[in-house]
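Every number here is computed from the coordinates shown, using simple stated rules; none is lab data. Just so you know, these numbers come straight off a predicted model, no measurement behind them. In this analysis, Cβ positions are derived from the backbone assuming ideal geometry, glycine residues included, and neighbour counts consider all displayed protein chains.
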Amino acid sequence: MGQLRTTLGVTLLAAFILFSATKVLLRSAAFGPRHFFSVPLEAIQHYEHERFAGLRLPAGEVIGYIDNFAGQPPDPGSFYLTQYVLAPRILVAGSSCRWVLGNFRDPAVQPPEELRHRFALVQDLGNGVKCYRVEEP
């Protein structure tokens, strides 16, 4: 009777582990390499040679990254692509750094009135890419 309980317990434990592992694998397969790692070469070249052409960022500074002034986290795809293109500079999401890179879909976007005194425009590439120096409040 004791051996039967042990065998049953080990079998149930193995089934639970297998079920959990399968669930994790299926979930990760849905967001697999095609989502995160298969960026078309044309997109990388567009960011390198067109979107950020002429951008001058200060050396040795951590650069903040925003794509909206609504306080929402940036789009992961454009953030990671920008981070890749601007390497070896360190790019962090948000506007808590002294220097902030704005990568906006709309070139005419401006900081809201309550933030204009903090965001001093240093460079505007005219295509939605803007470099700001952030002043302390």
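Taking the inverse of the mean reciprocal distance over all distinct Cα pairs, the Kirkwood hydrodynamic radius of the chain comes to 18.1 Å. Computed about its Cα centre, the charge dipole of segment 39-134 is approximately 340 debye, with only Lys, Arg, Asp and Glu carrying charge at their Cβ. Helix 2-30 and the longest principal axis of the Cα set of the chain meet at an angle near 30°. Angle, helix 76-86 long axis vs. longest principal axis of the chain, Cα atoms, 0 to 90°, nearest 10? Tilt of helix 76-86: around 60 degrees. Per-residue Karplus couplings for segment 116-123, computed as 6.51 cos²θ - 1.76 cosθ + 1.60 with θ equal to phi - 60°, are listed in order as 4, 6, 8, 9, 8, 5, 9, 8 Hz, Gly and Pro entered as x. Shown for 19, 79: other C-beta atoms within 10 Å of each C-beta, ranked fewest to most, produce the order 19, 79.
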